[in-house]
Amino acid sequence: MISGNARAQIATGFVKLHSKYYGRGPTKAKVYADGDMIAVLLEETFTPAEQTLIERGQSNGIQEIRRNFQQIMADQFKALIEQATGRSVRSFMSETDLENDIAVEMFFLSGERTDMAAFEQASDDVSASSDPETEGGPETGP
């Protein structure tokens, strides 16, 4: 089970990535999770140029471009899921419904959540011990 905060992080991340690479993001993004599966549902993702081509029966090229984009972005999409959930992605699949302007990104997770508490504590300890102010302040010379 992933938290509401993680779901929001995933939805926001997908909107930002689409906005960055398509020039506009989806108007709706919702994350569904069940066990080892996460589905990201994106609606109204097409650019005005894509919408025009689809309306005029020229959708084949759009489908191909979208699939290529998903393949190229797979590592960033997976990283977003892994960062939000603390689990690695075993498999990623993507599909776009051109007729209804809906895209779904499916992720299947492996393993249990990585417990980063000990790592974060160790990192905090190192930061504190290397801070000059925690060691009596900076040296002022002879």
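The values are calculated or read from the model by the stated rules, or taken from the named source; none is laboratory data. Small disclaimer: the values here were computed from a predicted structure and weren't measured. Please note: Cβ atoms are built from the backbone with ideal geometry, for glycine as well, and neighbour counts cover all protein chains shown.
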Residue, farthest from Leu109 (Cα to Cα), within the stretch 28-54, restricted to residues that are surrounded by fewer than 18 Cβ atoms within 10 Å (Cβ to Cβ) and among the acidic types (Asp, Glu): Glu44
Options Gly57, Gly25: the member that is assigned to a loop (DSSP other than H, G, I, E, B) and surrounded by 11 or more Cβ atoms within 10 Å (Cβ to Cβ): Gly25
Count of residues meeting criterion [among the aliphatic types (A, V, I, L, M) and not in a strand (DSSP E or B)] in the stretch 88-108: 1
Single match in Ala49, Ala11, Ala74, Ala33 (criterion: assigned to a helix (DSSP H, G or I) and over 23 Å from Glu99 (Cα atoms)): Ala74
Sole exception among (1) among the charged types (D, E, K, R); (2) out of contact with any strand residue (DSSP E or B) (no Cβ under 7 Å at 6 or more places or on another chain); (3) modelled with pLDDT of 90 or more for Asp101, by number: (2)
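Working carefully through the options Phe69, Phe46, Phe77, find the one that is of a type outside the set (Lys, Arg) and modelled with pLDDT of 95 or more.
On the way: Phe69 fails: modelled with pLDDT of 95 or more; Phe46 fails: modelled with pLDDT of 95 or more.
It is Phe77.
Kindly evaluate Leu80 against the criterion of being in contact with a helix residue (DSSP H, G or I) (Cβ under 8 Å, 6 or more places away or on another chain), farther than 16 Å from Ser110 by Cβ, in a helix (DSSP H, G or I) and touching a residue at least 60 places away in the same chain (Cβ under 8 Å). First the steps, then the outcome.
On the way: in contact with a helix residue (DSSP H, G or I) (Cβ under 8 Å, 6 or more places away or on another chain): yes; farther than 16 Å from Ser110 by Cβ: yes; in a helix (DSSP H, G or I): yes; touching a residue at least 60 places away in the same chain (Cβ under 8 Å): yes.
Spelling it out, Leu80 is indeed in contact with a helix residue (DSSP H, G or I) (Cβ under 8 Å, 6 or more places away or on another chain), farther than 16 Å from Ser110 by Cβ, in a helix (DSSP H, G or I) and touching a residue at least 60 places away in the same chain (Cβ under 8 Å).
Quick test for you: out of Ala49, Ala84, Ala29, pick the one residue that is touching a Lys or Arg at 6+ places or on another chain (Cβ under 9 Å) and of a type outside the set (Lys, Arg).
Exactly one of Ala49, Ala84, Ala29 is touching a Lys or Arg at 6+ places or on another chain (Cβ under 9 Å) and of a type outside the set (Lys, Arg), namely Ala84.
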Inter-residue pairs, beta-carbon under 9 Å, first over 15 Å from Glu82 (Cα atoms) and in the stretch 27-47, second part of a strand (DSSP E or B) and of a type in the set (Lys, Arg), 6+ apart: Leu41/Lys28; Leu41/Lys30; Leu42/Lys28; Leu42/Lys30; Glu43/Lys28; Glu43/Lys30; Glu44/Lys28
Qualifying positions in the stretch 1-22 - out of contact with any Gly (no Cβ under 9 Å at 6 or more places or on another chain) and closer than 18 Å to Ile72 by Cα: Gly13, Lys20, Tyr21, Tyr22
